[in-house]
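Everything on this sheet refers to the single structure shown next.
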Amino acid sequence: MKKDFYISTNKDLLNIDLIYQFLSKQSYWAQERSRVTIEKSIQHSLCFGVYNLDDKQVGFARVVSDYAVFAWLMDVFIIEEQRGKQLGQQLLKAIMDHPDLQGLKRWGLATKDAHGLYEKFGFQSLSKPETMMERI
């Protein structure tokens, strides 16, 4: 981790206002997601916050998992003014190295524009898309 930043899974440190603002107003995937929904999703996920040394949150991600077989990576972001410092890579490394997420058979995620980042951590397009289904 860059020496000017740290990553924590302590939910008490999360800046819910920042997360809500980014997800509901700036992200392409969670536009108009309500604050209640965001708070509920945080409550039921393993969350990762990225912070500067002044404890100001600059990034976020969450994982939904059964901790045995499957995990879904969601809501990954670094605020715009902190991009370009490899914080996204450090966040992904912290997630993939987390002790509770070891030995899983399958990880999933959806992205429109960050394929290169996720490929560095072993993610790839679906090998058998014909076996995957979704309900929206």
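The values are calculated or read from the model by the stated rules, or taken from the named source; none is laboratory data. Being a predicted model, the structure only gives us computed values, none of them experimental. Using ideal geometry, Cβ is built from the backbone for each residue, glycine included, and neighbour counts are taken over all protein chains shown.
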Review point. What pairs come up if the first residue lies in segment 108-136 and is within 20 Å of K85 (Cβ to Cβ), the second is among the β-branched types (V, I, T) and part of a loop (DSSP other than H, G, I, E, B), and their beta carbons are under 9 Å apart, counting only those six or more places apart or on different chains?
Key: L117/T111; Y118/T111
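Select from segment 1-32 the residues that are part of a loop (DSSP other than H, G, I, E, B), touching a Leu at 6+ places or on another chain (Cβ under 9 Å) and within 25 Å of M96 (Cβ to Cβ) and write down the one among them that is modelled with the lowest pLDDT. Walk me through how you get there before you give the answer.
Step one: list which residues in segment 1-32 are part of a loop (DSSP other than H, G, I, E, B), which gives 1-4, 9-10, 14-15, 27-32.
The next check asks that each one be touching a Leu at 6+ places or on another chain (Cβ under 9 Å); those that pass are 1-4, 9, 29-31.
Going one step further and asking which of them are within 25 Å of M96 (Cβ to Cβ), we end up with 1-4, 9, 29-30.
Working: M1: 50, K2: 61, K3: 80, D4: 91, T9: 98, W29: 94, A30: 95.
Here the answer is M1.
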Point to revise | All positions within segment 66-79 that are surrounded by 13 or more Cβ atoms within 10 Å (Cβ to Cβ) and in a loop (DSSP other than H, G, I, E, B) | key: Y67, I79
Revision key, fill the gap. Across segment 80-136, the tally of residues that are within 12 Å of the chain's Cα centre (by Cα) and surrounded by fewer than 10 Cβ atoms within 10 Å (Cβ to Cβ) stands at 1
Review point. Would you pick out the residues in segment 40-65 that are within 15 Å of the chain's Cα centre (by Cα), loosely packed, with under 14 Cβ neighbours inside 10 Å and not in a loop (DSSP other than H, G, I, E, B)?
Key: Q43
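Does V36 satisfy being in contact with a His (Cβ under 8 Å, 6 or more places away or on another chain) and either surrounded by fewer than 16 Cβ atoms within 10 Å (Cβ to Cβ) or of a type in the set (F, W, Y) (or both)?
Numbers: in contact with a His (Cβ under 8 Å, 6 or more places away or on another chain): no; either surrounded by fewer than 16 Cβ atoms within 10 Å (Cβ to Cβ) or of a type in the set (F, W, Y) (or both): yes.
Spelling it out, it is not the case that V36 is in contact with a His (Cβ under 8 Å, 6 or more places away or on another chain) and either surrounded by fewer than 16 Cβ atoms within 10 Å (Cβ to Cβ) or of a type in the set (F, W, Y) (or both).
Provide a single number: the residues in segment 77-136 that are of a type in the set (F, W, Y) and over 22 Å from Y67 (Cα atoms). It would help to see each step written out before you state the result.
First, the residues of segment 77-136 that are of a type in the set (F, W, Y): 77, 107, 118, 121, 123.
So of that shortlist, the ones also over 22 Å from Y67 (Cα atoms) come out as 77.
Residues in segment 77-136 being of a type in the set (F, W, Y) and over 22 Å from Y67 (Cα atoms): 1 in total.
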